[in-house]
Every structure is written in C-alpha cells, then in structure tokens.
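S.K.: Below is one structure. I have some questions about it.
The values are calculated or read from the model by the stated rules, or taken from the named source; none is laboratory data. Computed from a prediction, not measured in an experiment: that's the story for all the values here. Cβ coordinates were reconstructed from backbone atoms using ideal geometry, including for glycine residues, and neighbour counts include every protein chain displayed. Surface accessibility is based on the protein's heavy atoms, side chains included, excluding ligands, DNA and RNA. Shrake-Rupley method; radii C 1.70, N 1.55, O 1.52, S 1.80 Å.
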Amino acid sequence: LFGVIIDRQQQQKTQARRSRSSNMAITRRRQRGNLLFSTAAVLALLSAAIPHNQSICRADDVVVAESSPDADVAAADVTDLLEEAIGAASVADAVVDDLDDKTSEKEDSSSVAEETTPEEDMDKLLNTLGEEGILSQEQPVAASAEAAAEGDTADQVEEEEQQAQSAPVQSGPFIDLFGDVLLSLEMVDETHAQVHQHYTNEALSGKKVVGLYFSADWCGPCRQFTPDLVNFYDKMNARRGKKDEFEIVWVSRCRSVDDFGQYFTHMKWLALPPQEAMGQRGQYLGEKYKVKSIPTLVLLDEIGNVITTDARNKIPMDKAGIGFPWRSPMSILISTLLPRSLRLLVKSQLDGVFDAIRGTIGKKTVGGGFLSKFREALAGKVGGQR
C-alpha cells in the first residue's frame, strides 16, 4: 500500500512538472506576442504622425520614394524607435529563457533528490500523511478512546463509591452465614437470563424457613432432585396463610462460573455469589453443617437455628409438605413461647459464650461434645432428629 502511494505521488509530481513547463511555454509565447503587438502599435502611431508630402513614381517596376527633409527626420525617428522596441523584445526573450533554464535546473535537482532510499520514502510518506491530517485524525481517535476508557473507569469507581455509600449496614445471623449480597436469576427469554443482586436481610425478610441447598451440575442425583425441589418450593410458597415464607439459598459446588450460570437457570431461588460459594464461605458452610455428600438440604429457622439437616430425604417421604418444616417438639415450644427478638438475643449471647469456652478448652476435649449437645438443646434441636 505504501509503494502504491509513493508511485502515485511520483506520478503526480511528474504531471505537475509537465504542467509547469507547458504553462511557462505558453506564458513565454504570450509575452512575445504582446511585445510584437506593442511594437506594431508603436509603428502604426508613428507612421500616422509622418507628413504626407512625399511623391511616389513608378519607373521600371521599382518604387522610388521622394520625400521631404521632414519625412526623412520622421523616418529616422521611427527607425530608432523600432530598434529600441526590437532590443526590448530580445531582452524580454533572454529573461524568459533564463527563467526556463532555472526552472529546468530546479526540476532536475528535485528529480535527483527524489531518488532516495525506501526508508526515506517511508519517512516522507508518513510526514506527508501527517501534514495532510490522516495521522492527525487517528491521534484524536486514540485520545478520545483513552479519554472514554478513563471516563468509564471513573464512572465505575464513582458507581462503586455510590453503592458503598448507599449500601445499608447489615447485621444478623444470615449476614454471618451468607454475607451481604445474594443473587437471583430472571429469565428474559428462552436463551437469555439476567442476574440481580439483593441485600441479604432484604431478600430474607419475612421468611420463616430458609434452606441451604448444596448441589452441583456435575452430580447426577442433584440433577434428579432439583426438579422435585422446585415443585416442592412452589407448593410450600403457595400455601394459604404461609405464602412466600420459604426461601432457599443455593450453595454451589460447580467447578466454574459458566457451569454455575447454566445450572442456576433450573432454579427459582436465591444463590450465593459463585466466587463465595466455591471459596472459603462455601467451605465454611459445608463444615458448619457437616455436609458429607450432595445433594444436601439444610433448613434453618428465621434466626438461623438449624431445624433439620436431612430435608433432602424428608421431601420424597412427604411430598405434600404436611409436616414441613419438620420441627422438633422442643423447637416448636420454644418458638411459640419466646418472641423472635428474645430468641435472637439469647442465640447471639450463647454463641459468644460457647466460642470463648471452645477457644479455652479446645474442640477435642470431652467438654467439646457436651457443649455442642448443650447448645443444640438450648436452640431447640434435640428430640426432633432422633
């Protein structure tokens, strides 16, 4: 492409030289014609000024002019003026020839200077493109692209700052378990979906039962159980007087974010963000609820106490959900007698006490098992699972 451009430039320069030469020749001819015309006009004026007192006779086919002395003087003046006009014309021709010679020498020197190396031609081409504004047009584009990228980055930072400022301060048992944000998925059409973020406390507000569903796309039993769980989820949330009191949070065991997204399209509930479900938080939840295999469904009450860790096996035996959420009698009694705020306060105090005791005597001592059983009894779990 650069070679073609260079050839075109050389052709344009050659044509320009030829046009200049032809223009100079035309100008020279016009100047000569103007000089001759001026000379003829001068002669005509002078001849008109000569007195007409001369006699002309014809003798042997030879014209002889007999003029007066005044006519001779006028003729001499005309001769002098003619010689001056011819001299001026010759001087003008010499000046024009000199200009032609200088122009030809300049063109020859420019043609010699144009015989340069390809690298010099490339430099000249780039300089020419820059002078013509071709490269200067790309620079504003690049500058505008950089400015747009900087603007996008600034907008993102500003949005993050606004979100950080507008994000409510959340606390509670579900924040400790799930973090500040949960995800939901909305199917736009058959092939497109949109993921939404929700603050944890807002998403779980008013829920009486919260399930933790440990599952993965690569697990065959999980793929078989998920459709049954979807039907059960819809059925429990459509019950009269208990509508939308049941929520599930999916703790993914998928191996990639793409697998997470594809498997999430088969669910109607919330999910932990994939980076947290497949990271330390997911591992912490699995250890906390002693998840040994998947699928596993753990049910929690409204303050985060465990109702059952075996809901995966209870749903096939009670598809109508008559005994849902399968609370123990002790748990039912405590939830009936004590209000939620008091139970939440007692739970937070007990958690702090037991964590301090566990840090003091260690998990592997005899007291560790007793403390866990005592804690479960206070939480209302003992009796419902045995």
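S.K.: Please work out which one of (1) in contact with a Leu (Cβ under 6 Å, 6 or more places away or on another chain); (2) modelled with pLDDT under 95 is the condition Arg327 fails and give its number.
M.R.: So the condition that Arg327 fails would be (1).
S.K.: Which of the residues belonging to the stretch 262-319 are aliphatic (A, V, I, L, M) and open to solvent by 60 Å² or more (accessible area, probe 1.4 Å)?
M.R.: From the stretch 262-319, those aliphatic (A, V, I, L, M) are 267, 270-272, 277-278, 285, 291, 294, 297-300, 303, 306-307, 311, 315, 317; that's our starting set.
Met278, Met317 - these are the residues of the stretch 262-319 that are aliphatic (A, V, I, L, M) and open to solvent by 60 Å² or more (accessible area, probe 1.4 Å).
S.K.: Another question, then. Just to check your reading of the model, which residue among Gln283, Gln262, Gln275 is over 22 Å from His196 (Cα atoms), under 42 Å from the mean Cα position of the chain (by Cα) and among the polar types (S, T, N, Q)? I'd like the intermediate steps shown before the answer.
M.R.: Values: Gln262 fails: over 22 Å from His196 (Cα atoms); Gln275 fails: over 22 Å from His196 (Cα atoms).
Going through Gln283, Gln262, Gln275 in turn, the sole match is Gln283.
S.K.: Any residue in the stretch 241-259 that is assigned to a loop (DSSP other than H, G, I, E, B), open to solvent by less than 60 Å² (accessible area, probe 1.4 Å) and of a type in the set (Ser, Thr, Tyr)? Break it down into steps so the answer makes sense when it comes.
M.R.: The first filter runs over the stretch 241-259 and keeps only residues assigned to a loop (DSSP other than H, G, I, E, B), leaving 241-245, 253-256.
From what is left, the residues that are open to solvent by less than 60 Å² (accessible area, probe 1.4 Å) are 245, 254, 256.
Right, trim to of a type in the set (Ser, Thr, Tyr) and you get 256.
There is at least one residue in the stretch 241-259 that is assigned to a loop (DSSP other than H, G, I, E, B), open to solvent by less than 60 Å² (accessible area, probe 1.4 Å) and of a type in the set (Ser, Thr, Tyr).
S.K.: Another one. Restricting the stretch 195-216 to residues that are part of a loop (DSSP other than H, G, I, E, B) and not hydroxyl-bearing (Ser, Thr, Tyr), which is surrounded by the fewest Cβ atoms within 10 Å (Cβ to Cβ)?
M.R.: Taking the stretch 195-216 and keeping what is part of a loop (DSSP other than H, G, I, E, B), we get 204-208, 216.
So of that shortlist, the ones also not hydroxyl-bearing (Ser, Thr, Tyr) come out as 204, 206-208, 216.
Details: Leu204: 23, Gly206: 9, Lys207: 18, Lys208: 14, Ala216: 18.
Out of the qualifying residues, it is Gly206.
S.K.: Which one of these does Ile315 not meet: (1) modelled with pLDDT of 65 or more; (2) in a loop (DSSP other than H, G, I, E, B); (3) in contact with a strand residue (DSSP E or B) (Cβ under 8 Å, 6 or more places away or on another chain)?
M.R.: Exception for Ile315: condition (2).
S.K.: Residue by residue through the stretch 296-312, note down the ones that are in contact with a strand residue (DSSP E or B) (Cβ under 9 Å, 6 or more places away or on another chain) and part of a loop (DSSP other than H, G, I, E, B). Give the steps one after another, and end with the answer.
M.R.: We begin by selecting, within the stretch 296-312, every residue in contact with a strand residue (DSSP E or B) (Cβ under 9 Å, 6 or more places away or on another chain); these are 296-302, 304, 306-312.
Hits for the stretch 296-312 are Asp301, Glu302, Gly304, Thr309, Asp310.
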